[in-house]
Amino acid sequence: MKKFLPLILLILIMVYSCGKKTQNASIPDLSQANNMSIMFKMDFDSTGKMKIKNVPITEPKKMSELKTLLNSEPFPYLYCASSGAMNFYKDSTLLYSFAFNTEKDLRHIAYTYNNKLTAVTLSEENAKFLDSFKQ
């Protein structure tokens, strides 16, 4: 029996760790978010101030689709190159904010998590999906 104890422990550890769904450590947990908003930079007004279009999202299906835009494929940092932001809330409390850019060659989502600035790739298809909320 002592001979098989390490093997049994190894199997239990493998079964537990392989069967358990884990969250990517570099992506915030958004499971508590029950509403969100998408803000788009539109243009400048006559005084030179940026016009922002704010699109509230409360439909769980749309929120779920937007959450999946976050991935773990790194993107080189491009500071100040954003075309908008996504904010996730629990009731009226801001949980996380993500800056994004949907323009070709600049498509990414950037955010700060665990005291690190992170940028992940935004595919062309996902950029179009995100821009569809702008209409």
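Any read-out appearing in this document is the output of simple, stated calculations on the displayed coordinates, not a laboratory observation. Fair warning: this is a prediction, and the values are worked out from it, not measured in the lab. Cβ atoms come from the backbone with ideal geometry, glycine included; neighbour counts cover every protein chain shown.
A few remarks follow.
- Equivalent ellipsoid semi-axes - Cα gyration tensor, segment 28-134, angstrom: 20, 18, 14
- Within the shell of other residues whose beta carbon sits under 15 angstrom from the beta carbon of LEU69, the net charge comes to +1, with Lys and Arg scored +1 and Asp and Glu -1.
- Peptides 65-72, 109-116 ordered by average Cβ neighbours within 10 Å, highest first: 65-72, 109-116
- Relative to its residue count, segment 67-107 spans a Cα convex hull of 91 Å³ per residue.
- Separation between Cα centres of segment 115-135 and segment 27-97, rounded to whole Å: 9 Å
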